[in-house]
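So the structure is just underneath, and the comments pick up after that.
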Amino acid sequence: MSGYLLETKLHAPKPRPRVVQRARLGERLARGASSKVTLVSAPPGFGKSTLVAEWLGQQTAAVAWLSLDADDNDPARFWRYVAAALQTAHPELGLDAARALEPPEPQIDQAIHSVLNDLANLERDVVLVLDDFHMIDRRDIGDELAYVIDRLPAHAHLVMTTRADPTLPLARLRARGELVEIRAADLRFTEAEAWAYLNGTMGLDLGGADVGTLEALTEGWIAALQLAALSMQGRADPASFIASFAGDDRYVVDYLADEVLARQPPDVRRFLLQTSILDRLTASLCDAVTGGGGSRAMLERLDRGNLFLLPLDDQRRWYRYHNLFADVLRTHLLAEDPDSLPALHRRASDWFERDGDRSEAIRHALAGSDFIRAADLIEPAIADFGRTRDEVTLRRWLEALPDAVVRARPQLATALAGALMQTGMLAGVADLIATAEAALEGPAAATHAGPSESERVRLPGHLAMLRAGYSRITGDLPNTIAHAQRALSVAARDDHLSRGGAASLLGLARWETGDLDQAHRSFAAGMASLEAGGYRSDVVGGQVTLADIRIAQGRLGDAVDAYRRGLDLAVEGAGPPLRGAADMHVGMSGVLRERNDLVGAREHLAAGRALGEANGLPKNPYRSRLAEARLCQAEGDLRLAFDLLDDAERVFFADFSPMVEPIPAVRARLLIAHGRLAPAREWADRARVGATDDISYVRQFEHVTLARLLLAEGRVDEAVPLIDRLVAAAQDRGWVGAAIDALIVQALARQAGGDLTGAVGSMDAAFEFAAPEGYARVFLDEGPAMAQLLTLASKRGTLPSYAGELLRATGPRAARTPARRGLMESLSERELEVLRLLRSDLDGPAIANELVVSLNTLRTHTKNIYGKLGVSSRRAAVRRAEELDLL
């Protein structure tokens with residue numbers, strides 16, 4: 001959609017000045033300003049949009065208007081437009097939400113929370129209008145909107161116009177007094193309003209009896225009254241006309257619309273029918289579609305004549321027909337001249353292509369069943385969609401084409417296979433890939449001249465890369481490697497997307513096998529290819545994977561370098577940070593926590609939170625919660641740690657990376673460490689991990705967790721052989737991070753068995769890996785048993801100074817004192833005062849009253865406190881403050 005057409009979706013229609021004064025409805029709408037939701041629900045032709053637009057024109061609130069259509073019945077697209085509409089109300093509204101909704105994996109939950117935060121921080125009334133909400137029938141959109149309504153701040157209001165009641169909890173809203181409703185019975189013109197409209201707005205001269213008859217026949221239905229008025233203009237005896245129609249009101253509009261059309265001059269009627277295929281009209285577009293000239297004068301003529309034409313901007317450059325009238329026009333066009341439709345849509349498609357609006361050009365080509373043209377328009381756009389990762393739209397277009405057209409064109413079949421995979425649909429992908437491969441080798445189909453030479457060069461590598469991705473998703477590790485290697489062998493040197501994707505997939509497969517050195521080399525090569533091709537956002541996200549591999553290798557310093565590079569790439573240039581910037585802070589927080597710099601870890605978590613989850617990758621929500629949970633464990637806040645793990649599991653996002661440390665296993669470790677063995681045993685049974693399983697890299701974390709559980713259960717005879725095998729495998733294969741973890745458990749097992757010399761030997765082996773990189777928490781989180789081991793190692797081990805440094809860090813509150821000191825310095829006196837009141841039973845307005853500040857000022861203080869404490873709720877803020885002795 002072109003920028004100007006998008007703008008028309010985000011602005012209310014421009015109503016003409018009315019002679020009719022409808023104070024009763026204005027008062028009802030005014031009451032809605034103090035409620036959460038105003039619902040204007042009625043069949044077509046009752047003036048819903050016009051009423052709301054007129055009322056808003058008299059208000060001082062900021063207005064965000066969104067006119068919905070059938071294409072918006074997709075959650076990501078819907079919320080993307082909501083974010084865009086909010087930005088028209090205030091430039092800072094919806095910015096983070098828009099970033100969160102960017103392809104390829106729009107994060108709707110992040111966007112919704114961002115919208116709510118933005119609205120809460122806005123210091124003025126704002127009204128969001130969702131016009132024609134009946135176009136939205138997705139249950140998930142309704143559920144998401146209900147979630148937003150429940151959390152709307154007092155100064156934010158939602159107005160919905162619709163032909164049918166939405167799937168929202170209307171009964172609950174009514175019971176709470178949060179819903180104002182305006183329905184068809186309210187919208188119907190009274191006899192006095194009908195008299196003012198017919199004789200004032202429409203310029204007729206009807207007597208009271210005629211107005212009364214007309215109002216009774218139409219039952220105050222505005223569209224019918226307008227059609228009747230148009231039919232009567234210029235008649236010598238309007239009373240006879242009024243007497244001539246009556247009966248079943250289901251047919252009133254059809255009857256009157258036919259009357260209006262029949263009374264139009266041939267040139268006007270022809271223009272109306274031909275341009276009815278357009279959702280929005282402007283002069284040059286109408287000239288192109290009709291094949292003539294004079295459209296500007298014709299639009300002005302229709303506008304002056306009140307002929308169901310609604311201006312969409314102040315300059316009256318763009319218009320649309322009233323929906324009801326447009327439906328009538330299209331029905332007539334289809335009945336009278338169906339053969340003209342392909343040519344009309346073709347002309348519209350040509351105009352939009354020249355105007356630079358490829359989306360509308362494709363839509364009209366599809367509407368006109370000109371599938372070859374649609375395919376010709378889609379093919380050049382595929383590369384751009386690869387960069388913007390908007391596979392949802394691409395998939396919708398391709399699925400609208402006949403299957404034969406897609407299968408005859410290898411570029412389209414390849415694009416559809418990739419779009420399906422990126423949107424989580426695997427059915428048919430393998431067949432499409434095979435079809436594209438066959439089409440490359442076969443003769444040209446009747447529907448297409450065949451792939452170009454450049455396609456023949458590039459597509460084999462891209463198809464092999466897709467096969468590797470499909471194999472990765474379906475868990476076929478050998479074929480992931482085989483197809484990725486083939487892609488690298490056949491892809492053109494300058495095909496950076498195929499080469500980068502294949503090398504990255506190969507790196508992920510090597511990571512899963514435990515070949516960490518090769519995994520890093522391959523994945524780094526993939527990132528280099530993507531960077532050369534300009535896929536900067538993919539490269540930013542890839543730094544998280546590179547850092548993860550470095551951490552698995554025990555190279556914390558190199559992981560920090562990867563995070564810093566990702567952050568540099570994300571903030572490069574003058575625009576807003578790329579998605580992924582927040583993830584770099586989350587990653588650095590994890591490394592600093594491991595090095596026992598809890599203050600620094602908190603600062604980076606706060607920095608990531610300040611950027612917002614909308615500035616993160618799809619996996620940011622669960623990774624940030626997991627990082628904070630581990631930090632809470634280090635700080636001794638176990639309740640919040642468990643809460644965060646639960647939350648992390650709820651928002652978990654699986655991507656192409658192997659899941660080496662599953663959240664349930666992390667939770668099981670925390671349970672074991674605090675003696676809750678029964679639920680930990682339930683985890684082991686569900687995870688199906690056994691002491692005699694073969695050792696693999698992807699399950700080694702779970703197996704070390706099982707060894708901890710067996711030790712805690714007193715099943716030492718089962719635990720020791722398992723942990724010995726884990727230590728041997730990790731040391732032999734270069735899994736340094738896993739080796740440190742396993743060696744610590746081995747030391748604890750030997751200590752429990754009375755083998756103190758062996759225990760010190762295991763500690764020394766762990767120190768050899770850990771000391772150069774500054775590992776600390778992996779030891780300190782073990783508790784009192786580790787303090788005894790560190791005491792022994794400081795006296796009898798090979799690295800006594802390192803053991804002594806760790807031993808000193810186990811002292812009471814050793815790790816937390818710097819955090820408390822730093823927070824005490826950063827929190828202002830006013831913020832400490834707010835924090836103390838947050839611990840009370842007072843609600844927000846009561847706290848604001850106690851402090852003699854506005855509710856918005858209180859929200860600002862609270863947001864600052866949450867950021868400094870690294871929390872996201874009142875309960876968590878109080879708990880953290882108590883833990884750090886701030887209260």
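Relative to the dominant Cα principal axis of the chain, helix 800-809 is inclined by about 50°.
Would you tally the net charge around residue 42, using a Cβ to Cβ cut-off of less than 11 Å, leaving residue 42 out, and scoring K and R as +1, D and E as -1? With Lys, Arg at +1 and Asp, Glu at -1, the net is +1.
Where only DSSP H runs of four or more residues are counted, the chain gives -20000 deg cm²/dmol as its mean residue ellipticity at 222 nm, each run worth -39500 (n - 2.57).
Extension gain for residue 33-residue 649 works out to 217.9 nm (0.36 nm per residue, less the C-alpha to C-alpha distance).
Packing around the peptides 751-758, 182-189, taken as the average count of other Cβ atoms within 10 Å per residue, puts them in this order, highest first: 182-189, 751-758.
Put 310, 344 in order of accessible area, highest first, and with a 1.4 Å probe you get 310, 344. Placing a label point 7 Å from the Cα of residue 863 along the Cα-to-Cβ line, the residues of region 110-133 whose backbone N sits under 20 Å from it are 110-128.
Taking every DSSP beta bridge that has both ends in the chain, the antiparallel portion is near 15%.
Taking all protein chains together and rolling a 1.4 Å probe, residue 241 ends up with roughly 10 Å² accessible.
Averaged over its residues, the chain has an accessible area of 41 Å² per residue, based on protein heavy atoms and a 1.4 Å probe.
Highest-first packing order for the peptide set 702-710, 418-426 is 702-710, 418-426, based on the mean count of other beta carbon atoms within 10 Å. With R₀ fixed at 41 Å, the C-beta to C-beta distance from residue 327 to residue 123 puts the FRET efficiency at about 0.40.
Enumerate the residues in region 476-508 having an amide nitrogen under 18 Å from the point lying 7 Å beyond the Cα of residue 434 toward its Cβ. Residues 476, 479-480, 483 qualify, since their backbone N sits under 18 Å from the label point.
Which of the following values of Cα Rg over 2.2 N^0.38 Å was calculated from the structure shown: (1) 0.93; (2) 1.01; (3) 1.15? Checked against the structure: label (3). Would you please classify the overall shape of region 259-332 from the alpha carbon gyration tensor, given that a ≥ b ≥ c denote the square roots of the eigenvalues, rounded means a/c under 1.5, and beyond that prolate means a/b larger than b/c while oblate covers the rest? Here region 259-332 falls in the rounded category. What is region 127-212 by shape, rounded, prolate or oblate, if you read a ≥ b ≥ c off the alpha carbon gyration tensor as root eigenvalues and call it rounded for a/c under 1.5, prolate for a/b larger than b/c, and oblate otherwise? Prolate shape, in that a/c is at least 1.5 and a/b is the bigger ratio. Element breakdown for the chain at a 1.4 angstrom probe: carbon and sulfur atoms account for 51% of the accessible area.
Of the whole protein surface, residue 319 contributes about 10 Å² of accessible area at a 1.4 Å probe radius.
Within region 471-494, list the residues whose amide N lies under 18 Å from a label point set 7 Å along Cα→Cβ of residue 426. Inside the label zone: 471-484.
Can you give the net charge of the other residues whose Cβ lies under 12 Å from the Cβ of residue 94, counting K and R as +1 and D and E as -1?
So the environment of residue 94 carries a net charge of -1.
Counting Lys +1, Arg +1, Asp -1, Glu -1, what net charge surrounds residue 525 among other residues with beta carbon under 12 Å of its beta carbon?
My count for the surroundings of residue 525 gives +2.
Axis angle, to the nearest 10 degrees, between helix 581-594 and the longest C-alpha principal axis of the chain: 20 degrees.
A straight chain from residue 676 to residue 528 at 0.36 nm per residue would run longer than the Cα-Cα distance by 48.6 nm. When the surface is traced with a 1.4 Å probe over the full set of protein chains, residue 481 keeps roughly 30 Å² accessible. Please find the FRET efficiency linking residue 176 to residue 316, where r is the Cβ-Cβ separation and R0 is fixed at 35 Å, and quote it to the nearest 0.05. Here the calculated transfer efficiency is 0.25.
With a 1.4 Å probe rolled over the protein heavy atoms of all chains, the accessible area of 540, 457 falls in the order 457, 540, largest first. Helix 716-733 and the longest principal axis of the C-alpha atoms of the chain enclose an angle of approximately 80°.
Output the relative contact order of region 7-187, whole-number percent, from Cα pairs under 8 angstrom with separation of 6+ residues.
34 percent
Projected onto its three principal axes, the C-alpha set of region 295-401 covers 47, 35, 22 Å, listed from the longest axis down. Under the combined filter of DSSP loop state and at most 15 neighbouring Cβ atoms within 10 Å, region 512-613 retains these GluC sites (Glu not before Pro): 572. Each label was represented as a point 7 Å from its Cα along the Cα-to-Cβ direction; for residue 851 and residue 186 these points are 3.7 nm apart. Placing 48, 795, 868 in order of accessible area, with the largest value first and a 1.4 Å probe, yields 795, 868, 48.
Dipole of the chain computed with +1 at Lys/Arg Cβ and -1 at Asp/Glu Cβ about the Cα centre; of 160, 559, 832, farthest Cα towards the positive end is 832.
From the alpha carbon centroid of region 702-771 to that of region 526-575 is 32 Å.
The values are calculated or read from the model by the stated rules, or taken from the named source; none is laboratory data. The model shown is predicted, which means the values in this text are computed figures rather than measured ones. All Cβ positions, glycine included, derive from the backbone under ideal geometry; neighbour counts span all protein chains shown. Note: areas computed on protein heavy atoms with side chains; ligands, DNA, RNA excluded. Shrake-Rupley method; radii C 1.70, N 1.55, O 1.52, S 1.80 Å.
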